[in-house]
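Presented below is the structure to which this report refers.
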Amino acid sequence: LNPEVEKYVAEIEKSIYNNLIANQVDSTGIRYHSVLVERKDWSDRQPFAMSTCFEGQGTRMMGALPEFIYSVADDGIYVDLFAASEIDFQTTAGKMTLKMDTQFPYNPKVTISVNVDKPFETAVRIRIPSWASKDVIFVHGTKKYTGKPGSYVTIFRKWRNNDKISFTLPMEFRLTEYAGVEKFPDRERYALEYGPLLMAYVNIAGNKDNINLPFETSKAIRSLKPVPGKPLHFSVEGVPDCEFMPYFEVQSEPFSCYP
């Protein structure tokens, strides 16, 4: 209904990464509860083995995942999410194929290839995520387009076979204060986000009693260093047994999303 209002797609994106994928238990099933501290699976039950609404709705949503990547319009197409994919669609000007090559979120680079039967003019609209840390520069041949976070950039031109659009999505860390019913009266708690991803502070040694940062929140981001060979994993300076990783990667480890 509102294809160029970016906040709606941003909410879909966060729900996919931080709820749907995060609640999948390898090939076993789907968790019912989205537990954000200690362990995803409680010791006295296995929520993913229950018969609840989420097993049905979660399975349906997984089957619908391709529908969230693109939105088709009479005058072109919207690229909403970033995932390796391909779509054939019809506009009023002609038939078009888009192929998106990316390993996002593990790699921020994206390339979109265009295939048409004959050259024609239409619009390709690409979402600029509100979480982007700066403007996104799109390159098509020698021409550049600039998109501001929280909007869509429209590339309207005569498309030819093998045209390509390339860009990089700039991600950065940000802190979000916890404001729920379990606030501590004596201290604030914050979640760490990286792009659209909720990050989890994980004790990789398995010690559930050590899932809180040992220093002030203001120092948290400065203390993070990328872990070599482990994309989206960040070590914490001075804490060898803990690291931040995407919440959707956590399975049985003790962790906190509000450390």
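The values are calculated or read from the model by the stated rules, or taken from the named source; none is laboratory data. Everything numeric here is computed off the predicted structure, so don't read it as measured data. Cβ placement follows ideal geometry from the backbone for every residue including glycine, while neighbour counts extend to all protein chains displayed. All accessible areas refer to the heavy atoms of the entire protein, side chains included, with ligands and DNA or RNA removed. Shrake-Rupley method; radii C 1.70, N 1.55, O 1.52, S 1.80 Å.
Odds and ends about this structure:
- Residue ID - modelled with the lowest pLDDT, chosen from residues in the stretch 118-151 that are aromatic (Phe, Trp, Tyr) and out of contact with any helix residue (DSSP H, G or I) (no Cβ under 9 Å at 6 or more places or on another chain): Phe138
- Inspection of the stretch 206-217 identifies no residue that is open to solvent by 40 Å² or more (accessible area, probe 1.4 Å), closer than 23 Å to Gln103 by Cβ and not β-branched (Val, Ile, Thr).
- Scanning the stretch 12-71 for residues that are touching a strand residue (DSSP E or B) at 6+ places or on another chain (Cβ under 6 Å), at pLDDT 95 or above and not in a strand (DSSP E or B) yields Tyr17, Asn18, Ile69.
- Contact map, the stretch 56-77: residues that are of a type in the set (Phe, Trp, Tyr) paired with residues that are open to solvent by 50 Å² or more (accessible area, probe 1.4 Å) and part of a helix (DSSP H, G or I), Cβ distance under 7 Å, separation 6+ or inter-chain. Pairs shown: Phe68/Ile12.
- Here Asn115 passes the criteria (1) crowded, with 20+ Cβ neighbours inside 10 Å; (2) modelled with pLDDT of 95 or more; (3) not β-branched (Val, Ile, Thr) except the one numbered (1).
- Residue within the stretch 161-169 that is under 17 Å from the mean Cα position of the chain (by Cα) and open to solvent by less than 20 Å² (accessible area, probe 1.4 Å) present: yes
- Ile155 meets the conditions (1) aliphatic (A, V, I, L, M); (2) over 30 Å from Asp80 (Cβ atoms); (3) touching a residue at least 24 places away in the same chain (Cβ under 8 Å) in every case but one. The failed one is (2).
- Conditions (1) open to solvent by less than 20 Å² (accessible area, probe 1.4 Å); (2) modelled with pLDDT under 90; (3) not hydroxyl-bearing (Ser, Thr, Tyr): number failed by Pro254: (2)
- The sole residue among Lys144, Lys164, Lys158 that is of a type in the set (Lys, Arg) and farther than 18 Å from Gly76 by Cα is Lys144.
- Selection of the stretch 195-219 for residues being without any contact (Cβ under 8 Å) to a residue 60 or more places away in the chain, closer than 14 Å to Tyr247 by Cβ and out of contact with any Ser or Thr (no Cβ under 8 Å at 6 or more places or on another chain) yields Met199, Val202.
- Filtering the stretch 82-101 to residues that are surrounded by fewer than 20 Cβ atoms within 10 Å (Cβ to Cβ) and under 14 Å from the mean Cα position of the chain (by Cα) leaves Ala83, Ala84.
- Look at the stretch 226-237: where a residue is of a type in the set (S, T, N, Q) and a partner is at pLDDT 95 or above and assigned to a loop (DSSP other than H, G, I, E, B), sitting 6+ places away or on another chain with Cβ atoms under 8 Å, you get Ser235/Val227.
- Of all residues in the stretch 190-233, those that are out of contact with any Lys or Arg (no Cβ under 6 Å at 6 or more places or on another chain), outside any strand (DSSP E or B) and either of a type in the set (S, T, N, Q) or over 23 Å from Ser252 (Cβ atoms) (or both) total 15.
- Condition met for Thr122 (free of Cβ contacts under 8 Å to residues at least 24 places away in the same chain, in a strand (DSSP E or B), open to solvent by less than 40 Å² (accessible area, probe 1.4 Å) and within 25 Å of Thr168 (Cα to Cα)): no
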